[in-house]
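The values are calculated or read from the model by the stated rules, or taken from the named source; none is laboratory data. Bear in mind the structure is a predicted one, so any value in this text is a computation, not a measurement. Here the Cβ positions follow ideal geometry from the backbone for every residue, glycine too, while neighbour counts run over all protein chains shown. Keep in mind that these areas ignore ligands, DNA and RNA; they rest on the heavy atoms of the full protein, side chains included. Shrake-Rupley method; radii C 1.70, N 1.55, O 1.52, S 1.80 Å.
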Amino acid sequence: MAAASRRRDATTMRIEALHVDDDAAVRELAELRRAVLAHDEPEHPGADAEVLAALLRAPRPGNDFQHWIVRSGDSLVGYAELMLPQVENRTSAQLEGHVHPDHRRRGIGTALYRHCAAQAVAEKRTRISAHTTGHVTGGKFTRTEPGVSFLSAMGLTRVLDEVRSGLDLATVDDAVLDRLNTEAWAKAAEYELLTWIDRAPESLAEGVAYLEGRMGTDVPTGDLDIEPQRFDLARWRAIEDVSVRRLRTTYYAAARHVDTDEVAAWTGVVVPRRPRSLGHQTTTIVDPAHRGRRLGTLVKLGNLARLRADEPELRSVETYNSVHNTHMIAINEAMGFVVHDLAAHFQGDL
């Protein structure tokens, strides 16, 4: 029966463009993504169709996207998103792909990859990147063979590993957080903590945009060949506006130097409209001129306090960090974050 199913997939498989305004197709895609997450990352609930539609229809500024689906008969069994940067990295493409667990090892992933690689070449891209995720057990990367082997077979090279850590709010030790907060303020007496939701106050927005631009130069990226993104106020405001359209609430906290009004550090956590149980840590960065004062800890703790007060349904917060970013990983571990997964990033020439 399995061999017959493999032959049936091979003979009936077809790749089609996904039209993001097609509600029925988006509902099918939401079901596929939930099936993939249930198999690969069961702690992730996945976006429902309304939230997924918003994500597809309001892409992050500065990028074009192509969305491709694979059908076997009438069933949607695979999906790929091809991101084509339009500002920096205009010779690169980024690929994310998923195949339904019941239809794997039948050539669907290979066909999707080759199709998207051809599309990238047609867009004059010369480099492509992708990633795969596996669980960490006992400090070792486990359950990664299929993804690592697949991307290696496609001719890509592993260039960067990131750990995914999670903070279970039910197990947070408030005494530990209070101690960390007290220790941070002892070194940060010259600063004030400010929090906001979705859109930065005018007095902070320029500083926030500047620090976001430093993410591309200050955060370790291993051997990943990537051009840092450049940010100004207009670009940052566009990102804020799109985030709201994506049905997300984003909580921010910043440390401002009192004497100079400089934004010295900031952080953000995204909470999707549904489900509101899992928050996603985005940026955390400290300006080099203000490092050594526990500001990274300060802003993360301040943001977490507001999240816990404003989001009663929130159960956990997750964050990704380069394995080379040992300082930020240490802050997370001190707060109670536990490493769950390792994302292996691959890159290669087209």
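Could you say which residue among ALA200, ALA234, ALA170 is in a loop (DSSP other than H, G, I, E, B) and at pLDDT 95 or above?
Result of the check over ALA200, ALA234, ALA170: ALA200.
Just for the stretch 331-350: of the residues that are among the charged types (D, E, K, R) and modelled with pLDDT of 90 or more, which one is least open to solvent (accessible area, probe 1.4 Å)?
Top of the filtered list is GLU333.
How many residues are open to solvent by 70 Å² or more (accessible area, probe 1.4 Å), in a helix (DSSP H, G or I) and of a type outside the set (S, T, N, Q) if we restrict to the stretch 311-330?
1
Counting just the residues of the stretch 242-263 that are in contact (Cβ under 8 Å) with a residue 40 or more places away in the chain and assigned to a loop (DSSP other than H, G, I, E, B), which one comes out surrounded by the most Cβ atoms within 10 Å (Cβ to Cβ)?
Out of the qualifying residues, it is ARG246.
Residue under question is THR182, and the condition is that it be in a helix (DSSP H, G or I), under 27 Å from VAL163 (Cβ atoms), out of contact with any Lys or Arg (no Cβ under 9 Å at 6 or more places or on another chain) and open to solvent by 70 Å² or more (accessible area, probe 1.4 Å); does it hold?
So THR182 fails the test.
Scan the stretch 301-313 and report the pairs whose first residue is within 18 Å of ARG274 (Cα to Cα) and whose second residue is modelled with pLDDT of 95 or more and surrounded by 21 or more Cβ atoms within 10 Å (Cβ to Cβ), with Cβ atoms within less than 7 Å and a gap of 6+ or a chain change.
Short answer, once both residue conditions are applied: LEU307/TYR251; LEU307/VAL269; LEU307/GLY279; GLU311/VAL271.
Tally time: how many residues in the stretch 84-139 are hydroxyl-bearing (Ser, Thr, Tyr) and more than 30 Å from ALA234 (Cα to Cα)?
Summing the residues that are hydroxyl-bearing (Ser, Thr, Tyr) and more than 30 Å from ALA234 (Cα to Cα) in the stretch 84-139 gives 5.
Hey, among ARG294, ARG274, which residue is under 21 Å from MET215 (Cα atoms), open to solvent by 10 Å² or more (accessible area, probe 1.4 Å) and among the basic types (Lys, Arg)?
Just one listed residue meets the conditions, ARG294.
List the pairs whose first member sits in the stretch 191-206 and is within 20 Å of LEU307 (Cβ to Cβ), whose second member is β-branched (Val, Ile, Thr) and surrounded by 13 or more Cβ atoms within 10 Å (Cβ to Cβ), and whose Cβ atoms are under 6 Å apart, counting only residues at least 6 apart or on separate chains?
Filtered contacts from the stretch 191-206: ASP198/VAL244; ASP198/THR250; ALA200/VAL208; LEU204/VAL263.
Looking for something within 27 Å of SER316 (Cα to Cα), hydrophobic (A, V, I, L, M, F, W, C) and under 19 Å from the mean Cα position of the chain (by Cα) - is there at least one such residue anywhere in the stretch 175-196?
No - not one qualifying residue is present in the stretch 175-196.
Residues to consider are PRO42, PRO61, PRO101, PRO85; find the one that is within 19 Å of the chain's Cα centre (by Cα) and loosely packed, with under 15 Cβ neighbours inside 10 Å.
Criteria check complete, one pass: PRO42.
Of the conditions (1) free of Cβ contacts under 8 Å to residues at least 40 places away in the same chain; (2) open to solvent by 60 Å² or more (accessible area, probe 1.4 Å); (3) of a type in the set (Asp, Glu), GLU50 satisfies every one except a single condition; which number is it?
Unmet for GLU50, out of (1) free of Cβ contacts under 8 Å to residues at least 40 places away in the same chain; (2) open to solvent by 60 Å² or more (accessible area, probe 1.4 Å); (3) of a type in the set (Asp, Glu): (1).
Taking the stretch 104-138 on its own, how many of its residues are closer than 30 Å to VAL338 by Cα, without any contact (Cβ under 8 Å) to a residue 60 or more places away in the chain and open to solvent by less than 40 Å² (accessible area, probe 1.4 Å)?
0
Test THR267 against the stated conditions and say whether it is polar (S, T, N, Q), at pLDDT 95 or above and not in a helix (DSSP H, G or I).
For THR267, the condition - polar (S, T, N, Q), at pLDDT 95 or above and not in a helix (DSSP H, G or I) - is met.
Going through THR126, THR137, THR157, THR142 one at a time, which residue ends up being in contact with a strand residue (DSSP E or B) (Cβ under 7 Å, 6 or more places away or on another chain) and modelled with pLDDT under 90?
Residue meeting the stated conditions: THR142.
Please tell me if LEU301 is aliphatic (A, V, I, L, M), out of contact with any strand residue (DSSP E or B) (no Cβ under 6 Å at 6 or more places or on another chain) and either in a strand (DSSP E or B) or open to solvent by 10 Å² or more (accessible area, probe 1.4 Å) (or both).
When the stated conditions are applied, LEU301 passes them.
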